[in-house]
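Data first, discussion second: the structure below is written as structure tokens.
The values are calculated or read from the model by the stated rules, or taken from the named source; none is laboratory data. Predicted model, so just to flag it, every value in this text is computed and none were measured. Quick reminder, even Gly has a Cβ in these numbers, built from the backbone with ideal geometry, and neighbours come from all protein chains shown.
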């Protein structure tokens, strides 16, 4: 498995990659970057309804939590006890955290809990981010989820992405903390009242709701607001920051 990126966001790969990484390295390899806060959002209790069989063993403590603990890197874990889980909860959780005064670092990184791991120094993520000369950097994927509900945004993205067939993926992103705070504030306009569950998401998209993206998934909302924040948001179309097959 030849992965050169410092982060992996792929539910079919992360468990095998983490086990291989542990077999080849020692714990507490890296230091916490003093100017970076890494955050994840998850539900209280088990996450068994959110993970595929490949990730068995990480129902109660996510693979990201175990991974960063192994590396000796601090992780802020925001939890919510409301069920069923809705990804729009993330906006409220991040909004409350970023406005609490607890986050004092210059940079802020958010990663999905269930299928993201680090396999290199988080400082490399900061270095990659800085090379893009932007205020927030998102990884990318080939998924077109949500664009059928926002054709004007889809056309805009296709004019921007150079026919790469890669699109914003919110499973891993990093930015200047002050800017991320503004993005989350904008996203809150569409995240509350909270919306669709993951089980109902496909049917929701097929219905092409007139008030879209209100109540959609967090990634859809980020995709919708991307043009609003252009050019301060950039997409890592080559996925230098995070691997995804």
When segment 142-153 is checked residue by residue, the ones that are touching a helix residue (DSSP H, G or I) at 6+ places or on another chain (Cβ under 9 Å) and surrounded by fewer than 21 Cβ atoms within 10 Å (Cβ to Cβ) are 143, 144, 145, 147, 148, 150, 152, 153
If we ask which residues in segment 63-79 are in a helix (DSSP H, G or I) and either touching a strand residue (DSSP E or B) at 6+ places or on another chain (Cβ under 7 Å) or modelled with pLDDT under 95 (or both), their number turns out to be 6
Of the listed residues (50, 82), the one being modelled with pLDDT under 95 and out of contact with any helix residue (DSSP H, G or I) (no Cβ under 7 Å at 6 or more places or on another chain) is 50
Residue hits (segment 76-103; within 14 Å of the chain's Cα centre (by Cα) and within 14 Å of residue 180 (Cα to Cα)) are 90, 91, 93, 94
Inside segment 86-95, the number of residues satisfying the requirement of being in a loop (DSSP other than H, G, I, E, B) and within 28 Å of residue 21 (Cβ to Cβ) is 1
The number of residues in segment 115-158 that are part of a loop (DSSP other than H, G, I, E, B) and over 30 Å from residue 22 (Cβ atoms) is 8
Residue pairs within 8 Å by beta carbon, gap of at least six or interchain, first lying in segment 179-193 and outside any helix (DSSP H, G or I), second surrounded by 15 or more Cβ atoms within 10 Å (Cβ to Cβ) and modelled with pLDDT under 95, listed first then second, are 193/215
Picked from segment 12-34 (must be touching a strand residue (DSSP E or B) at 6+ places or on another chain (Cβ under 9 Å) and not in a loop (DSSP other than H, G, I, E, B)), the residue surrounded by the most Cβ atoms within 10 Å (Cβ to Cβ) is 14
Considering segment 104-114, residues that are in a loop (DSSP other than H, G, I, E, B) and under 21 Å from residue 11 (Cα atoms), and then whichever is nearest to the chain's Cα centre (by Cα), we arrive at 112
Within segment 50-75, restricting to residues that are under 18 Å from residue 120 (Cα atoms) and loosely packed, with under 15 Cβ neighbours inside 10 Å, the one that is farthest from the chain's Cα centre (by Cα) is 72
For residue 144, the lone unmet condition from (1) touching a residue at least 60 places away in the same chain (Cβ under 8 Å); (2) under 18 Å from residue 224 (Cβ atoms) is (1)
